[in-house]
């Protein structure tokens, strides 16, 4: 797997370094699944059941992350206090590049931009760098088994 290397993401520019973006909770995973299909002709629930996102639970080892969750962590990287509200990828990528250059860091613990508002953010995510230890899969669940308010059937 080449996590996010080709297309890039919030913390990494395309074709720079790989980042695997992880959700801290089911609610954040669901919000990100909805966000990926927002504004598209084919929505999340229009997909055939087998094409809907699965949830992969992984074990993340104890490690040092760049803190971009707490007010002090957000201020330390000079992001606005209401981050992630209207803070684009272009503003975050240099911060990600700097964090990646610090060999002791394994990733970036950050606020989720999925469904955030000017005053609130839904939860947390982890941007896990490709040079960090491999993550071991604990469990895999179908969309119907993990997505809130969807009954298997």
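Please treat every number below as a calculation from the coordinates, not as lab data. Since we're looking at a predicted model, the values are computed, not measured. Neighbour counts run over all protein chains shown; Cβ positions are idealised from the backbone, glycine included.
Below are the figures for this structure:
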read-out	value
Degrees separating the helix 26-37 axis from the principal Cα axis of the chain, which is the longest one	80 degrees
Theoretical FRET efficiency, 1/(1+(r/R0)^6), r = Cβ-Cβ of residue 27 and residue 47, R0 25 Å, to 0.05	0.80
Mean Cβ count within 10 Å, highest first, over the residues of peptides 30-42, 103-115	103-115, 30-42
Whole-angstrom gap from region 128-150 to region 20-62, using each part's C-alpha centre	9 Å
Value of relative contact order over the chain, rounded to a whole percent, pairs C-alpha under 8 Å and six or more apart	33 percent
Where labels lie 7 Å past Cα in the beta-carbon direction, separation of residue 13 and residue 37 in nm	3.3 nm
Projected label distance in nm at residue 138 and residue 118, using a 7 Å step from Cα toward the beta-carbon	3.8 nm
Value of [θ]222 nm, deg cm²/dmol, for the chain, DSSP H segments ≥ 4, -39500 (n - 2.57) each, nearest 500	-6500 deg cm²/dmol
